[in-house]
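In what follows, a structure is listed as structure tokens, so that the remarks can point back to it.
FYI, it's all coordinate maths here, none of it is from the lab. This one's a predicted model, so the numbers in the text were calculated from it and none came from an experiment. All Cβ positions, glycine included, derive from the backbone under ideal geometry; neighbour counts span all protein chains shown.
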Amino acid sequence: MSIDYKNPKLIVESSKIDAGRAIWRSPSNLAIVKYWGKHGRQLPRNPSISFTLDRAYTETEVAYAAKKGADRGIGLDFYFDGSPNEAFAKKVRAFLESITEVFPFLTQLDWTIRSTNSFPHSSGIASSASSMSALALCLCSIEDDLFGTLGEDEAFRRKASYVARLGSGSASRSVYEGLAMWGAMGEVPGSSDEYAIPMADQVHEVFKTYHDAILIVSKGEKSVSSRAGHGLMEGNIYAGNRYQQARQHMHDVLGALRNGDEEHFGRLLESEALTLHALMMASNPPYILLQPHTITIINKVQAYRKDTGHPLYFSLDAGPNLHLFFPDRIKEEVENFIHAELVQYCEDGRWIADQVGKGPLQL
């Protein structure tokens, strides 16, 4: 069933409004089954499921005040890491303009947005997921403050997920703690292409304390953006088979997550990561985001798993940086392995010790 959040009643008398603000910290997420390929207005070609992270996050403050001028557009000042950023401001303004039917008050007020990341942006750690979810949560908080329309947590999260999706598909999943799924799938009641749903209560205990060591192979900006990569799926000769594979992987991953089958989960995790990058290499034009150190680390991780029997598995987002997933019980051994064998392949020796998180936090 389609959902429509257009609401022409969300109008304020801006001359009488007090200044206000909302601040949210929202995490990135790491897709187990990847979303790669879309249609319509940010709708997925296949369902996806992800772990919400903890320490890789965006913190966003959205402040509003009565409009000073007669301009009917979006009045926006945007700051990233404390400095004006016109490139980001242009993207955010375009996004806000695209959702004025959802939040009509956007054109009635002047806006100041300040955003900062705990990790390098545009390097393949889903910065759009954390940033757009944080922005969507702020806007929903402001709507609730001004109009009292979103008091129920489920309604609040669902609208935030819907709005986040319009900015970045994967952002729809970041509004929930633990585990979230986006995309309609017959075997999952309530699943939708328009917003994500929480899945944390459907996962085995072992996965609730999983760790994600994010190895920063490169902090540089990607040569091809995720938005462009999604677009290239339209002409990809393997696209149809990929969407079929993703649906089968979703079915298999859901079983592994519920049963606590770490080996099956890990095999699917790695298969999805490599499939994602294979699709990039098979695009027209083809492109490669992996770097030599990415391959070196993958080989070392697979050798470590074979030698020790430990369930240490890797994943990749749309970039060169590795995510290593492992259960809490082997945390010390894996971190020793990272320091001894892998940190030398990270740019400036940098890696983030992350874990499955509790979801966004209003500050």
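Things to note:
- C-alpha center-to-center spacing [region 137-158, region 329-363] in angstrom: 34 Å
- Förster radius 35 Å - calculated FRET efficiency between residue 333 and residue 358, Cβ distance, rounded to 0.05: 0.90
- Positive minus negative residues near residue 257 (Lys, Arg vs Asp, Glu; Cβ under 12 Å): -3
- If you take the Cα centroid of region 248-311 and the Cα centroid of region 1-40, the two points sit 32 Å apart.
- Residue among 136, 213, 196 with the largest mean-square fluctuation in a Gaussian network model of the chain, springs linking Cα atoms under 10 Å: 213
- Bridge type composition, region 30-166 - antiparallel percent by DSSP, nearest 5: 75 percent
- Here region 14-201 is assigned +1 on the Cβ of each Lys and Arg and -1 on the Cβ of each Asp and Glu. Its dipole about the Cα centre then comes out at about 580 debye.
- Assuming charge only on the beta carbon of Lys and Arg (+1) and of Asp and Glu (-1), the dipole of region 205-361 about its Cα centre is about 360 debye to the nearest 20.
- Protection-proxy order for peptides 239-252, 316-329, each taking the mean of Cβ atoms within 10 Å per residue, highest first: 316-329, 239-252
- Residue list for region 102-119, given a label point 7 angstrom along the Cα-to-Cβ vector of residue 16 and an amide N cut-off under 17 Å: 105, 108-109
- Stretch gain in nm, segment residue 3-residue 71, where the contour uses 0.36 nm per residue and the Cα spacing is subtracted: 21.4 nm
- Positive-end extreme of charge dipole, the chain - chosen from 345, 248, 296 (charges on Cβ): 248
- Mean ellipticity per residue at 222 nm, deg cm²/dmol - from DSSP H runs of n ≥ 4 across the chain, formula -39500 (n - 2.57): -11000 deg cm²/dmol
- Ranked by the mean number of other Cβ atoms within 10 Å of their residues, highest first, the peptides 2-12, 143-153, 27-37 come out as 27-37, 143-153, 2-12.
- Under 10 Å, Cβ to Cβ, from residue 357 - net charge with Lys/Arg +1 and Asp/Glu -1: -2
- When volume of the Cα convex hull per residue in Å³ is calculated for this entry, the matching label among [x] 173; [y] 134; [z] 143 is [y].
- Membrane-span-like helices in the chain, defined purely by DSSP H runs whose alpha carbon atoms cover 20 Å or more axially and whose average Kyte-Doolittle hydropathy reaches 0.0, are 127-147, 262-281.
- Under 13 Å, Cβ to Cβ, from residue 188 - net charge with Lys/Arg +1 and Asp/Glu -1: -1
- The chain - charge dipole about Cα centre, Lys and Arg +1 at Cβ, Asp and Glu -1, debye rounded to 20: 860 debye
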